[in-house]
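**Q** Here's a structure for you.
Derivation of every value follows stated rules applied to the coordinates shown; laboratory data play no part. None of the values given here were measured: they were computed from a predicted structure. Don't worry about glycine lacking a Cβ; one is built from the backbone with ideal geometry, like all the others, and counts go over all protein chains shown.
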Amino acid sequence: MMMLEQDTGLSLAIAQIVQRLKGSSLHSQLERQARGSLHKPEIKLDSLKEDIKEFLKTSGWEKRLQNAVYSELNVFPSPCHPAAPPEHMKEPLVYMRKAQGSWEKRILKSLNSMCTELSIPLARKRPIGEQKELLNKWNEMGTDEPDLSLFRPVYAPKDFLEVLMNLRNPNYENGDQPSFRNHLGLIQVPLKVKDIPELRDYFSELGLNTGQLGIDDSTQVPPELFENEHVRVGQTVLTEQDSAAAQQYVRQGCPTALRAELWALILNISNQPEDILYYEQLKSNVIQHDLLVDSLIYKDVKLTASNDDYYFVFEDYLYQVLLCFSRDTSVLEHFSYSSATPPKSYIRGKLGLEEYAVFYPPNGVIPFHGFSMYVAPLCFLYHEPSKLYQIFREMYVRFFFRLHSISSHPSGIVSLCLLFETLLQTHLPQLFYHLREIGAQPLRISFKWMVRAFSGYLATDQLLLLWDRILGYNSLEILAVLAAAVFAFRAVNLMEVTSLAAAEAVLADLSTLKVMPLLQIFLFATVT
Amino acid sequence: MEPPAPSLGHGAGFPMAPDPALCTVRSPVALQVGDVKTDLARPGVAVIDVALPPTQPLDLQEIVFKNSYTAFLTVRVQRRRPCDVGREGARKWVTCLWNHCLMPSPHTEAGSQDYFSVFRHQMLCDVDQVTAVRLILRQPSPVWLHFTLEELRLYPRGQQSLQTGFPSWLSNLAPQQQPENLHGGVPDPEKVSTEVQQLWVLTEMIRANQTAARIGRFDVDGCYDINLLSYT
């Protein structure tokens, strides 16, 4: 009885994907290929359509189209009801949209006051001499030591946590009396999160009976049992160039040698000449204009990545990626499915005139403290700046943007926080109660891990194994599960602490943790 | 400046905008045992009555609404039947939708503010010649303060809502190619195809240049000298 509705929903999805792909370079390439095939002997006029389709299949172009369609399905949400306004696709719940709007206003005020206090313009065209100088030291911007003492990050994760703690649904019974309606954790909004049986089903490939990289490739396990075969399958997936197969494959982890190519395949990044050209254009934009956010980026890199034992070597790469990222207007597209809105400004003297309205920064994303840590781990995989850039940009518009905006999406930071608290409360009730009693709400400690997707907290090889699964499941929920698993692992020590500071100390160093065994034990080997 | 792309289905190439049927939607009435004002328990059932003009019975095609924390929906209709002509007694109410789930997990937010469509083919009975519609809303979870439906619209048959109208190019996705009759004097096909190819490459380049020029421009005529960020 629902057939017609399903059909119309499917047709609407197809129509949207076709419209998005129509303007892309893949579309013109396919047309060029099809026309170029016209003078091939196997293309006959009376079966023209079928022959061209066959040609596109055998030459691998159909696979590229499949990968592009798969990428669109992964990134964009399914089409809304036609009566729904565009803001509904960004975020269906009105009170969350309002909360995000208020949060953004606070950030804008903070940036504006920084601008007026320091008397530094938001944007400035560089004089020719300065442009030349920057171009010369483009590959070693880390050697610069500008005076950043006056700059402060626009916000830190703990400021964002305060906002999330105060999120309330006005239609929800938020009584002062403790009752079953009030959550015992910090998050008080009633979003649907998965419980352990649902997570077991969702992350079924992480089960005890399935081979995993991060567990079954350790030195004690003979490689013939799992590792060799897994590598062989990975190489086949790469030869076939199939995005969907790659996404399924990386759920069991990527072999180190294949990881860079597999991630590029899943994210549908091919580094074509026009992509390299686009990156060069962004670089020239950086040379021409100096932005206030550049100083924020410098400060962030100096404070975080440069101080990290694993990532300080990549400091120059980080500037090359993040400065270009701020100028990239294609990032604006993700705002159609993000609950956030890009900040707006007007050309000086033209306040209120729409034809002189611009976004600031050009990509609409204001970096916060720790933002550069999203890029740092990728530097281990990609050394060519334009490819590194594209991978990071795609990771941002698929995943990372959800970690610093207020939304009801299952992979949004609010849902992740609630998932973490619910898992801990349900499966380690004594620990949860104890920590709450001593004033050490667990989320206060784990929030920073999740906002950064554990970057800078785990050892790099472990972090990459974790991010394999983020790509494989196209979801960030694994971050919340890992956070709960870490608490479970250190539960004995945590039960003995008597203050928040002591609890933080127990959980300060995660660099020795092995991610996959922790996840497996928490999901599949804990008695529920 | 590039605003985010508008979603498909909002007017691009569609036939004339459909008109919902004229009707009067009354505000929801909670069904509660005991005194509404003093009773502490929250009612879990509410009823919305929709009256249609008595002289214009409706052949119902679709009901569209925005949910506001209702978990389950039952729809009953009153129909005018030929056998009713001349009879003044109460017409029968018939259930055409029973316990349709809007929120799969009533204690949580999923589905709470979404837009829904209910079509005639989903209904349990024939919904022609409808004179009144009654929507029975149920919300078994006590955590919500209020629940109702908003933006309720009824669409008559023959007019389709936005969802079923498609842009014309969707049906033209696979244009038919007419194979040409090549008998008789024709120029060398190799030469023609090369020339056509060159022409195509040129048009593609022009088109590609246009696209590249549009993307990437964040300034206005080379100027990005801005004042402060705007709050509106």
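**Q** Hey, got the dipole for the protein assembly as shown? About the Cα centre, +1 on K and R Cβ, -1 on D and E Cβ, debye to the nearest 20?
**A** In total the dipole reaches around 2220 debye.
**Q** If contacts are Cα pairs under 8 angstrom and at least 6 residues apart, what is the relative contact order of the range A:7-141 in percent?
**A** 20
**Q** Let me ask something else about it. If a/c stays under 1.5 just call it rounded; otherwise compare a/b with b/c (prolate if a/b is bigger, oblate if not). Do that for the range A:38-170, with a ≥ b ≥ c from the square roots of the Cα gyration tensor eigenvalues.
**A** The shape class here is oblate.
**Q** So for the range A:422-528, what percent of the C-alpha to C-alpha distances run longer than 19 Å?
**A** 40
**Q** Which whole number gives the average count of other chain Cβ atoms within 10 Å of the Cβ atoms across peptide B:113-122?
**A** Whole-number average of other-chain Cβ neighbours for B:113-122 is 5.
**Q** Sticking with this structure for a sec: Is the shape of chain A rounded, prolate or oblate, going by the alpha carbon gyration tensor and its root eigenvalues a ≥ b ≥ c, with a/c under 1.5 for rounded and a/b larger than b/c for prolate?
**A** Rounded.
**Q** Taking every Cα atom in the range A:316-468, find the radius of gyration and the maximum pairwise distance Dmax, and write them in Å.
**A** 18.6, 61
**Q** Follow-up. What residue among A:189, A:441, A:492 has its Cα farthest toward the positive end of the dipole of the protein assembly as shown, where the charges are +1 on Lys, Arg and -1 on Asp, Glu, each on the Cβ?
**A** Of A:189, A:441, A:492, it is A:189.
**Q** Wrap a convex hull around the Cα atoms of the range A:277-323, take a quarter of its surface area, and give that in square nanometres.
**A** Orientation-averaged projected area of the Cα hull: 3.4 nm².
**Q** Pairs of alpha-carbon atoms within less than 8 angstrom and 6+ residues apart define the contacts here; what relative contact order does chain A have, in percent?
**A** It comes to 19 percent, rounded to a whole number.
**Q** Same structure, new question: Rounded if a/c is under 1.5, else prolate if a/b is larger than b/c, else oblate: which is the range A:128-287, with a ≥ b ≥ c the root eigenvalues of its Cα gyration tensor?
**A** Because a/c hits 1.5 or more and a/b fails to exceed b/c, the range A:128-287 counts as oblate.
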